[in-house]
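What follows is a set of notes on a single structure, which appears directly below.
The values are calculated or read from the model by the stated rules, or taken from the named source; none is laboratory data. Here the structure is a predicted model, which means the values were calculated and not measured. Please note: Cβ atoms are built from the backbone with ideal geometry, for glycine as well, and neighbour counts cover all protein chains shown. In case anyone asks, the SASA skips ligands and DNA or RNA and just uses the protein heavy atoms, side chains included. Shrake-Rupley method; radii C 1.70, N 1.55, O 1.52, S 1.80 Å.
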2 protein chains.
Amino acid sequence: MYSKGVNAEERLIESTRALLWERGYVGTSPKAIQQRAGAGQGSMYHHFAGKHDLALTAIRRTAEELRAAAEARLSVPGTALGRVTAYLRRERDVLKGCPVGRLTQDPDVMADPALRAPVEETLAWLRARLAQVLEEGRAAGELDSRLDPPATAATIVAVLQGGYVLARASGTADPFDQAISGVLALLTLHAAEAARHRA
Amino acid sequence: MYSKGVNAEERLIESTRALLWERGYVGTSPKAIQQRAGAGQGSMYHHFAGKHDLALTAIRRTAEELRAAAEARLSVPGTALGRVTAYLRRERDVLKGCPVGRLTQDPDVMADPALRAPVEETLAWLRARLAQVLEEGRAAGELDSRLDPPATAATIVAVLQGGYVLARASGTADPFDQAISGVLALLTLHAAEAARHRA
DNA sequence: GTCTATAATTTGATAGAC
DNA sequence: GTCTATCAAATTATAGAC
């Protein structure tokens, strides 16, 4: 139940965002959305055409937030490895998983072009943005020149998404932290190799 | 619709396995299971106590199959990196995702101890098995001694699980292949480092 | 804007005939 | 074993009062 300090439309969007994160599109009913928002059916169907329309609004907002949060960590000054580390080590609700990546497992979301687009675009953007950071690190001689930025970026995002899966399976954040530590260790050796070549 | 060559019980299990993979537990109805299996309600409720019981049988079988498929690639003779590569590069239905990892996103599966157990055990086993292979590689001097087997194993399984997420988001197997290539490239440099230290 | 009917469909299961 | 009723509850809306 969200604060009545904001209007019903806003509460309905936030309620939907939370439920999509917890239960996905298929597992979320209009009734559950309304109850969590403290709004009736009439209110929901006044502001939105239905479950689909509401979910679209919610997904777009979630995707935008994720992108902004990532950009905030990746656009600061510092080494490429430092920025990637800051992004990977940022505080996360590990056991809840990624609110965007989660939607890729939802058949009704993936089957609908409108609902799917924000998911596809967000993860594509994230891979491209990380590849850019890695390329900067390579250009600066900080990372080994043999490192392939797009492939390594895909690996990093995959470790993140897969780390969530392992954490949820185990019921603890442990495997997530291990997976992140593991890939950062591999990247660090790459950086050390680059330093050795420069020497 | 499965071959009528096998009995209804078997067809119901396979139908459930396919639907859990495609739509998850929440997104799969008994009606859909019956239609795909070519069986009526009476048949389903004769062989199984209900959706939950049928799903439990299906999940256990899927988990066992995944484990056997992994063990087949990891237990052959060869270098650690070679066996890990064989496992990662094995043929996969990339766009369908992992039939076990997928279940971690299902709220009703994770909330039920019986349904969740096979998921938890399978992914824990996979991490431990990969850690064992990496440890063997380290002991043989094939991999860099600074490499942490459990963390690296978590990274490898995460890349796999996350690779599926990225592939589904993009609609192509491309990011999956990139993520696998990226992590293998990082591991290969580790192997090269180990060789340099031995020299 | 928000509420309370009302309703067609689907869900998940039971009962009992064959 | 398999089938066809039957059923209570949930789902996803629409209609119309306030």
Practice problem: Could you tell me whether A:ALA70 is at pLDDT 95 or above and in contact with a Phe, Trp or Tyr (Cβ under 7 Å, 6 or more places away or on another chain)? | Solution: yes
Self-check item: Only one of A:THR122, A:THR85 that is hydroxyl-bearing (Ser, Thr, Tyr) and at the interface with another protein chain (Cβ under 10 Å from one of its Cβ atoms)
Solution: A:THR122
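Results for (1) more than 8 Å from chain B (Cβ to nearest Cβ); (2) touching a residue at least 12 places away in the same chain (Cβ under 8 Å); (3) open to solvent by 10 Å² or more (accessible area, probe 1.4 Å), shown as yes or no for each residue.
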position: A:THR155; (1), (2), (3): no, yes, no
position: A:ALA169; (1), (2), (3): no, no, no
position: A:SER181; (1), (2), (3): no, no, yes
position: A:ALA185; (1), (2), (3): no, no, yes
position: A:ARG196; (1), (2), (3): yes, no, yes
Quiz item: Of the residues B:ALA111, B:ALA117, B:ALA72, which single one is without any contact (Cβ under 8 Å) to a residue 12 or more places away in the chain, in the same structural domain as B:ALA192 (by TED's automatic domain parsing) and within 16 Å of DNA strand D (Cβ to nearest atom)?
Solution: B:ALA111
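Restricting to region A:75-102, what's the tally of residues that are among the hydrophobic types (A, V, I, L, M, F, W, C) and either outside the structural domain of A:GLY182 (by TED's automatic domain parsing) or within 12 Å of the chain's Cα centre (by Cα) (or both)? Walk me through it before giving the result.
So in region A:75-102, the residues among the hydrophobic types (A, V, I, L, M, F, W, C) come out as A:76, A:80-81, A:84, A:86, A:88, A:94-95, A:98, A:100.
Okay, now just the ones that are also either outside the structural domain of A:GLY182 (by TED's automatic domain parsing) or within 12 Å of the chain's Cα centre (by Cα) (or both), so A:88, A:94, A:98, A:100.
Residues in region A:75-102 being among the hydrophobic types (A, V, I, L, M, F, W, C) and either outside the structural domain of A:GLY182 (by TED's automatic domain parsing) or within 12 Å of the chain's Cα centre (by Cα) (or both): 4 in total.
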Self-check item: Of the criteria (1) open to solvent by less than 50 Å² (accessible area, probe 1.4 Å); (2) part of a helix (DSSP H, G or I); (3) under 30 Å from A:THR122 (Cα atoms); (4) not aliphatic (A, V, I, L, M), which one B:HIS190 fails
Solution: (3)
Practice problem: Pull up region A:93-116, narrow it to residues that are basic (Lys, Arg) and closer than 17 Å to B:ALA167 by Cα, then point me to the one that is farthest from the other protein chains (Cβ to nearest Cβ). | Solution: A:ARG116
Self-check item: Sole residue being under 13 Å from B:GLY182 (Cβ atoms) and aliphatic (A, V, I, L, M), chosen from A:LEU184, A:LEU134
Solution: A:LEU134
Quiz prompt | Residue list for region A:31-60, filter: more than 13 Å from A:GLU10 (Cβ to Cβ), near DNA strand C (Cβ under 10 Å from one of its atoms) and either touching a helix residue (DSSP H, G or I) at 6+ places or on another chain (Cβ under 9 Å) or of a type in the set (Asp, Glu) (or both) | solution = A:LYS31, A:GLN34, A:GLY40, A:GLN41, A:TYR45, A:HIS46
Quiz item: Can you name the helices (runs of 4 or more DSSP H) wholly within region A:5-65 that have at least 1 residues being of a type in the set (Asp, Glu), surrounded by fewer than 21 Cβ atoms within 10 Å (Cβ to Cβ) and within 14 Å of DNA strand D (Cβ to nearest atom)?
Solution: A:8-23
Quiz item: Given the residues A:ARG83, A:ARG89, which is the only one that is over 22 Å from B:VAL26 (Cβ atoms) and open to solvent by less than 30 Å² (accessible area, probe 1.4 Å)?
Solution: A:ARG83
Practice problem: Output the number of the condition that B:PRO77 fails; it satisfies all remaining conditions of (1) open to solvent by less than 70 Å² (accessible area, probe 1.4 Å); (2) away from DNA strand D (no atom under 15 Å from the Cβ). | Solution: (1)
